[in-house]
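Down below is the structure, laid out as structure tokens.
The values are calculated or read from the model by the stated rules, or taken from the named source; none is laboratory data. Treat the numbers as computed from the prediction; the structure is a model and nothing was measured. Neighbour counts are summed over all protein chains in view; Cβ atoms, including those assigned to glycine, are modelled from backbone coordinates with ideal geometry.
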Amino acid sequence: MSTSAQLIRLRSGEGTAYSAVGDVYRILATAEQTGGVYALSEARVLPGGGPPPHIHHREDEAFFVLEGEITFMLGGTKVVAKPGAFIQGPRGIPHAFKNESAAPARMLILVAPPGFEKFLAEFAQPVASFEAPPMPVTPADIQKLLTVAPKYGIEILSQPH
């Protein structure tokens, strides 16, 4: 990993994109690009989408809602976040988010220290672009998530449906 940050420039829609259990993520900044300080991604969460409850044991995770509405559960506290809302989930706190609305939502996800982008690359399915529809979730996808997550210090608390 490099020790200094690099200049990063992505145009709208650029960046490696992944379908991850029903949501689509676009990597905006990796550990290598930020000198090992953080990773940044953009998530598109369709109605009903969102990860199962989980705990990050190695990193803090912060969310900034760009469009739509996302419902967060953070250590037993429910927060409905609309555009402009910022949420930080410290490591070790059980959390999840879900799009309980009828419209798609988009948000930025900052993870520090980085590593989440490597987790996505290992378990999620690459898609052509951030605008691509998410891949249908299969039992094999869920099993891969459950197998890979512990390697990255992520504890899945309940299985996704």
Index of the failed condition, Val21 passing every other in (1) under 17 Å from Ala149 (Cα atoms); (2) without any contact (Cβ under 8 Å) to a residue 60 or more places away in the chain; (3) touching a Pro at 6+ places or on another chain (Cβ under 7 Å)
(2)
Out of all the residues in segment 29-56, which are crowded, with 20+ Cβ neighbours inside 10 Å, outside any loop (DSSP other than H, G, I, E, B) and over 10 Å from the mean Cα position of the chain (by Cα)?
Ala29, Thr34, Ala39, His56
Of the residues that sit in segment 1-28 and are small (Gly, Ala, Ser) and more than 23 Å from Val65 (Cβ to Cβ), which one is surrounded by the fewest Cβ atoms within 10 Å (Cβ to Cβ)?
Ser4
Strands (runs of 3 or more DSSP E) wholly inside segment 57-148 containing at least 3 residues that are within 18 Å of Val24 (Cβ to Cβ) and touching a residue at least 24 places away in the same chain (Cβ under 8 Å)
60-67, 95-98, 105-112, 125-127
Based on this model, can you work out whether Phe116 counts as within 30 Å of Leu7 (Cβ to Cβ) and surrounded by 15 or more Cβ atoms within 10 Å (Cβ to Cβ)?
yes
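Residue-by-condition table, conditions (1) in contact with a strand residue (DSSP E or B) (Cβ under 6 Å, 6 or more places away or on another chain); (2) modelled with pLDDT of 95 or more; (3) basic (Lys, Arg):
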{"residue": "Ser12", "(1), (2), (3)": "no, no, no"}
{"residue": "Thr16", "(1), (2), (3)": "yes, yes, no"}
{"residue": "Tyr25", "(1), (2), (3)": "yes, yes, no"}
{"residue": "Ala29", "(1), (2), (3)": "yes, yes, no"}
{"residue": "Gln33", "(1), (2), (3)": "no, yes, no"}
{"residue": "Val45", "(1), (2), (3)": "yes, yes, no"}
{"residue": "Glu59", "(1), (2), (3)": "yes, yes, no"}
{"residue": "Leu66", "(1), (2), (3)": "yes, yes, no"}
Of the criteria (1) charged (D, E, K, R); (2) touching a Pro at 6+ places or on another chain (Cβ under 9 Å); (3) under 22 Å from Ala149 (Cα atoms), which one Glu69 fails
(3)
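Return the residues of segment 64-115 that are farther than 24 Å from Ile154 by Cα and hydrophobic (A, V, I, L, M, F, W, C); say none if nothing qualifies.
Result: Leu66, Ala85, Ala102, Ala103.
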So for segment 99-107 (the condition being farther than 23 Å from Ala17 by Cα, in contact with a Phe, Trp or Tyr (Cβ under 8 Å, 6 or more places away or on another chain) and not aromatic (Phe, Trp, Tyr)), does at least one residue qualify?
no
Name the single residue, out of those in segment 63-100 being of a type in the set (S, T, N, Q) and surrounded by fewer than 17 Cβ atoms within 10 Å (Cβ to Cβ), that is farthest from the chain's Cα centre (by Cα).
Thr77
